[in-house]
Amino acid sequence: MLLVDTNVLVDVIDEESAWTEWSIRQLRNQSQVHELVINPVIYAELSPAYGSEQELEVGIAGLELVFREFPRTALFLAGLAHRHYRSEGGPRHTILADFLIGAHAMVLGCGILTRDVRRYRNYFPRVPLITPETQLAASLTV
């Protein structure tokens, strides 16, 4: 199982993104090994890219993404991450989407396919990340 962050999915939809090829390649490669998962936050963040809920559902099905709800443990962990963020001077008073996604991955015991690593690495350091940087490092060690 692998959570797919919104930025990767937007890259696939926006064919003018500098990351489109990387994101498409990663979705193809990772789908051979993992069940690709999204959650309510990713669904909501992705919705503006579509004209209707039906179009979004077709897009999700076309990418063979599986929708998973949040377990309460993930919601609790996201709240703890937000409290830690605020104690370090983080300015946002509302919970950040990355905390919900990171906590969900932690509870599911899976990684995240993403291009936006900062908060995941800072607040969920044990969650494996597949990023352009990790892919570059892997190709250099081969």
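Remarks
- Computed extension length for His93-Asn7: 28.7 nm, one decimal, from 0.36 nm per residue of separation with the Cα-Cα distance subtracted.
- Legend: ranking of residues His82, His93, His104, His34 from fewest to most surrounding C-beta atoms inside 10 Å; resulting order His93, His34, His82, His104.
- Furthest towards positive pole of dipole, Ala18, Ala49, Leu36, structure part the range 2-140, Cβ charges: Leu36
- Dipole size of the chain about its Cα centre, with +1 on Lys/Arg Cβ and -1 on Asp/Glu Cβ: approximately 860 debye, rounded to the nearest 20.
- Rounded to whole numbers, the Karplus 3J(HN,Hα) couplings from phi for the range 58-67 are 5, x, 5, 5, x, 8, 6, 8, 9, 8 Hz, using 6.51 cos²θ - 1.76 cosθ + 1.60 with θ = phi - 60°, and x at Gly and Pro.
- GNM top mover of Val33, Val41, Val66 - the chain, alpha-carbon springs below 10 Å: Val33
- Within the chain, helix-based [θ] at 222 nm, where runs of 4 or more DSSP H residues each add -39,500 (n - 2.57), nearest 500: -16500 deg cm²/dmol
- Taking the charge dipole of the chain about its Cα centre, with +1 at Lys and Arg Cβ atoms and -1 at Asp and Glu Cβ atoms, the residue from Leu9, Leu113, Leu63 reaching farthest to the positive side is Leu113.
- Mean sequence separation of contacting Cα pairs (under 8 Å, at least six apart), scaled by the length of the range 2-140, corresponds to a relative contact order of 27 percent.
- Based on the Kirkwood approach, the hydrodynamic radius assigned to the range 2-140 is 15.5 Å, with every pair of different Cα atoms included.
- If you take the alpha carbon atoms of the range 1-57 and fit the smallest convex hull around them, that volume is 78 Å³ per residue.
- Among Val12, Val58, Val117: highest mean-square fluctuation, GNM of the chain, C-alpha pairs under 10 Å: Val58
No lab work stands behind these numbers, since they all come straight from the coordinates. The structure presented is a predicted model; accordingly, all values stated were derived computationally and were not measured. As a convention, Cβ positions derive from the backbone with ideal geometry for all residues, glycine included, and neighbour counts pool all protein chains shown.
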